[in-house]
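S.K.: I have a structure here, written as structure tokens, and I will follow up with some questions on it.
The values are calculated or read from the model by the stated rules, or taken from the named source; none is laboratory data. Given the structure is predicted, the values throughout are model-derived calculations rather than measurements. When we count neighbours, we look across all protein chains shown, and the Cβ atoms used for this are built from the backbone with ideal geometry, even at glycine.
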Amino acid sequence: MKRNLWRDFVNVVIIWAILVPIAQTFVFWSIDHLWPAVASLQGEITKDALTFIYHVTVMVFVLVTVPFVYAAIVHRVPLDDKQSAQIHTHAFGPYTLAWLGLSIMINTVVFVYPGMVGLEQLWNIAADAKDPLVVDVTGQQWQWSFSYPKQGIMNSPVLEVPVDQPIKFIVKSDDVMHSFWVPIWGIKKALVPGETRSIVITPTALVDTSQNPLARVQCSWDCGLGHAQMRAVVKVVTDKDFKAWVASQSF
């Protein structure tokens, strides 16, 4: 029986080694053709993290699926065959150890990268931001307002920011939980009632809600009946156009 289990173990490894490259090919294709583009420095970090986890997840999915399908096909026995059914209740040490070792390795790797490495990258970008543009973001059922303290602009319904400059968003909620999210920037921040939080985002492309629906402020926390309509227009413009917009808003 042990020889048969070794044979099964080797067969499962061979099948896994064949299927993983095929699955990874699909992963690369789906990332290139199905994933939306990101347009912020921080979004690139989160996209890299999700891409890595996507690759790992597909490998684990194949690893888990292959033994089950293999066992169901190769070791299928009649329900009344008590002896054969009992044989397969015995543990197989090498397979168990391999499973445990891979689980520990995968969790350790993901914890380090993209976990700690990605967080450190985001923290360093925020710490290195010199004189960022400060925008106060207020969420309430079911609308957004944006204020620019240094520019003297209060309660603008439109979020207009310059490209390639760090923006420090100071976010707060006037009522319930909300989440500040611009899909094309690839990062979000929860608004907790009674708390003032901040997030630094550096837009890297000129975008406009009228041209790209992913370039919008969207609440991503279920906040009530009007949650789906809690949106705001986003415009990422050149520094010259931003200064012109600020001048037009000043009274």
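S.K.: Using the structure shown, decide if GLY194 is at positive phi and surrounded by 16 or more Cβ atoms within 10 Å (Cβ to Cβ).
M.R.: Numbers: at positive phi: yes; surrounded by 16 or more Cβ atoms within 10 Å (Cβ to Cβ): no.
In short, no.
S.K.: Shifting gears a bit: Checking GLY118 against (1) of a type in the set (Gly, Ala, Ser); (2) closer than 19 Å to TRP185 by Cα; (3) assigned to a strand (DSSP E or B), which test does it fail?
M.R.: (3)
S.K.: Oh, and also: Assess whether TRP99 counts as being outside any helix (DSSP H, G or I), at pLDDT below 90, surrounded by 12 or more Cβ atoms within 10 Å (Cβ to Cβ) and of a type outside the set (Val, Ile, Thr). Walk me through how you get there before you give the answer.
M.R.: Values: outside any helix (DSSP H, G or I): no; at pLDDT below 90: yes; surrounded by 12 or more Cβ atoms within 10 Å (Cβ to Cβ): yes; of a type outside the set (Val, Ile, Thr): yes.
Here the answer is no, as TRP99 does not meet what is asked.
S.K.: Within the stretch 115-160, work out how many residues are of a type in the set (Gly, Ala, Ser) and either over 24 Å from the mean Cα position of the chain (by Cα) or surrounded by fewer than 12 Cβ atoms within 10 Å (Cβ to Cβ) (or both).
M.R.: Within the stretch 115-160, the first condition is being of a type in the set (Gly, Ala, Ser), and the residues that meet it are 115, 118, 126-127, 129, 139, 145, 147, 152, 156.
Then drop every residue that is not either over 24 Å from the mean Cα position of the chain (by Cα) or surrounded by fewer than 12 Cβ atoms within 10 Å (Cβ to Cβ) (or both), which leaves 127, 145, 147, 152, 156.
Total meeting the criteria: 5.
S.K.: Let me ask you something else. Test each condition in (1) within 11 Å of GLU160 (Cα to Cα); (2) not in a helix (DSSP H, G or I) for PHE242 and report the one that comes out false.
M.R.: (2)
S.K.: Among LYS240, LYS235, which is among the basic types (Lys, Arg) and free of Cβ contacts under 8 Å to residues at least 12 places away in the same chain?
M.R.: On the way: LYS235 fails: free of Cβ contacts under 8 Å to residues at least 12 places away in the same chain.
On inspection, the qualifying residue turns out to be LYS240.
S.K.: Any idea which of (1) closer than 25 Å to ASP48 by Cα; (2) touching a helix residue (DSSP H, G or I) at 6+ places or on another chain (Cβ under 7 Å); (3) not hydrophobic (A, V, I, L, M, F, W, C) is the one GLN151 doesn't satisfy?
M.R.: Checking GLN151 against (1) closer than 25 Å to ASP48 by Cα; (2) touching a helix residue (DSSP H, G or I) at 6+ places or on another chain (Cβ under 7 Å); (3) not hydrophobic (A, V, I, L, M, F, W, C), the one that fails is (1).
S.K.: Follow-up. Among the candidates VAL137, VAL110, which residue alone is farther than 30 Å from HIS55 by Cβ and touching a Phe, Trp or Tyr at 6+ places or on another chain (Cβ under 9 Å)? Break it down stepwise before answering.
M.R.: On the way: VAL110 fails: farther than 30 Å from HIS55 by Cβ.
So the residue among VAL137, VAL110 that is farther than 30 Å from HIS55 by Cβ and touching a Phe, Trp or Tyr at 6+ places or on another chain (Cβ under 9 Å) is VAL137.
S.K.: Then there is this: Looking at ASP222, ASP174, ASP164, ASP241, which one is within 22 Å of GLU44 (Cα to Cα) and among the acidic types (Asp, Glu)? Let's see the steps before the verdict.
M.R.: Numbers: ASP222 fails: within 22 Å of GLU44 (Cα to Cα); ASP174 fails: within 22 Å of GLU44 (Cα to Cα); ASP241 fails: within 22 Å of GLU44 (Cα to Cα).
Sole residue among the options that is within 22 Å of GLU44 (Cα to Cα) and among the acidic types (Asp, Glu): ASP164.
S.K.: Right, here's the next one. Among the residues of the stretch 216-231, are any without any contact (Cβ under 8 Å) to a residue 12 or more places away in the chain, part of a helix (DSSP H, G or I) and either loosely packed, with under 15 Cβ neighbours inside 10 Å or assigned by TED's automatic domain parsing to the domain that holds LEU119 (or both)?
M.R.: yes
S.K.: Is there a residue in the stretch 160-179 that is modelled with pLDDT under 95 and touching a Phe, Trp or Tyr at 6+ places or on another chain (Cβ under 7 Å)?
M.R.: There is no residue in the stretch 160-179 that is modelled with pLDDT under 95 and touching a Phe, Trp or Tyr at 6+ places or on another chain (Cβ under 7 Å).
S.K.: Within the stretch 77-85, can one find any residue that is outside any helix (DSSP H, G or I), outside the structural domain of THR202 (by TED's automatic domain parsing), of a type in the set (D, E, K, R) and modelled with pLDDT under 90?
M.R.: Within the stretch 77-85, the subset outside any helix (DSSP H, G or I) is 77-81.
With the extra rule that they be outside the structural domain of THR202 (by TED's automatic domain parsing), the set shrinks to 77-81.
Remaining after also requiring of a type in the set (D, E, K, R): 80-81.
Next, from what is left, pick out any that are modelled with pLDDT under 90: 80-81.
Yes, the conditions are met somewhere in the stretch 77-85.
S.K.: Looking only at the stretch 142-155, which residues are part of a loop (DSSP other than H, G, I, E, B) and farther than 18 Å from ASP241 by Cα? Before the answer, list the steps.
M.R.: Taking the stretch 142-155 as the starting set, the residues that turn out to be part of a loop (DSSP other than H, G, I, E, B) are 142, 149-152.
If the condition is that a residue be part of a loop (DSSP other than H, G, I, E, B) and farther than 18 Å from ASP241 by Cα, then TRP142, PRO149 are the ones that fit.
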